[in-house]
1. Between 256, 230, 245, whose Cα lies farthest towards the positive end of the dipole of the stretch 161-256 when Lys and Arg beta carbons carry +1 and Asp and Glu beta carbons carry -1, centred on the Cα centre?
2. Given points 7 Å out from each Cα along the Cα-Cβ axis, report the residue 225 to residue 118 separation in nanometres with one decimal.
3. Could you run the Karplus curve 6.51 cos²θ - 1.76 cosθ + 1.60 with θ = phi - 60° over the stretch 191-200 and give me ³J(HN,Hα) per residue in whole Hz, x for Gly and Pro?
4. For the stretch 88-114 and the stretch 194-264, compute the distance between their C-alpha centroids and round to whole Å.
5. For residue 191 and residue 218 in the same chain, what is the full-extension length gain: residue separation times 0.36 nm, less their Cα-Cα distance, in nm?
6. For residue 131 and residue 27, compute 0.36 nm times the residue count separating them, minus their Cα-Cα distance, and round to one decimal in nm.
7. Work from the charge dipole of the chain (Cβ charges, +1 for Lys and Arg, -1 for Asp and Glu, about the Cα centre) and give the residue of 138, 199, 32 farthest towards its positive end.
8. Of 172, 46, 250, which is the most mobile in a GNM of the chain whose springs link Cα atoms less than 10 angstrom apart?
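Throughout, read-outs are computed from the coordinates displayed, never taken from laboratory work. Note that the coordinates shown come from a computational prediction; the quantities given were computed from them, not determined experimentally. When we count neighbours, we look across all protein chains shown, and the Cβ atoms used for this are built from the backbone with ideal geometry, even at glycine.
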Amino acid sequence: MAAVQAYINRLLSLEEYAFSWEELLQKTDTPVSTLRKELDRLTGRNELLNLRKGFYLILPPRYRPMGKLPVTLYADKLFAYLGKPYYLAFYSAALYHGAAHQQIQQDYIMTVPPALRDIKKGNARLRFFTTTHWPSRNLMRRTSDAGAFYLSSPALTMADLLYHQRWLGGLNRMLANLEELSEELSVDDIQDLLAWYPHKSTLQRLGYILEEVGADSSLTEPITDYLQQHRYFPALLSPRPDEKPGSTGNAWKIDVNVELASDI
């Protein structure tokens, strides 16, 4: 059996679905030219996907028609290869928390600078965001068929959505997800977020949205207590570079500059 195919079979027996070029070189003693030819052949037959230079996904028969793998099957291995921390974020995280209202056509991943180029290979679509304030809490570990992966907790998912709303289609596009995520929140999750999260205006928006969707007061009270202990200023519900907040008329000091319209 050819060296690459034999190695793929070994990985699949261990329920691993990805490998790097360096890993292949270490695990086989086949000439480089032969390995490259076999990789090209398997890629051409849609049995491998060269996701990123030097990093390959294995496409078993059940995933081959889709031309991609669920990101949960390889996220850990990809970011170990890149040498970066990560977590599934935004709509990708919301999906695993049961907020599946938004049909996503790409996977959303948070990591640290420097920024990564988004990936569009075959049917695989990975969109990367970066943060300089890496979470000290609010990251969860979930198990998949191929091991485990990181994702943001419901509270961090909501905060990330609100902070990045301009780049994710706007507030009303995500409002249904925010409503569904609010049902998965816990007081501990909120308190963990308050212990480290740096953006007070996003916390103001979070409190306002939770109140608007009818969340239990036990979820909003910790945010209220936190804000009362810190100086905070009026903020737009939907930030815009050419607009400044005006009068608010609510305890969150949120200028409601967009009419909320959910389709739930």
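1. 245
2. That separation, rounded to one decimal, is 4.1 nm.
3. 5, 4, 4, 5, 6, 9, 5, x, 9, 5
4. The stretch 88-114 and the stretch 194-264 have Cα centres separated by 22 Å.
5. Working: separation 27, 0.36 × 27 = 9.72 nm, distance 1.09 nm.
Between residue 191 and residue 218, full extension yields an extra 8.6 nm.
6. On the way: separation 104, 0.36 × 104 = 37.44 nm, distance 3.51 nm.
Contour length minus the Cα-Cα distance gives 33.9 nm.
7. 32
8. 250
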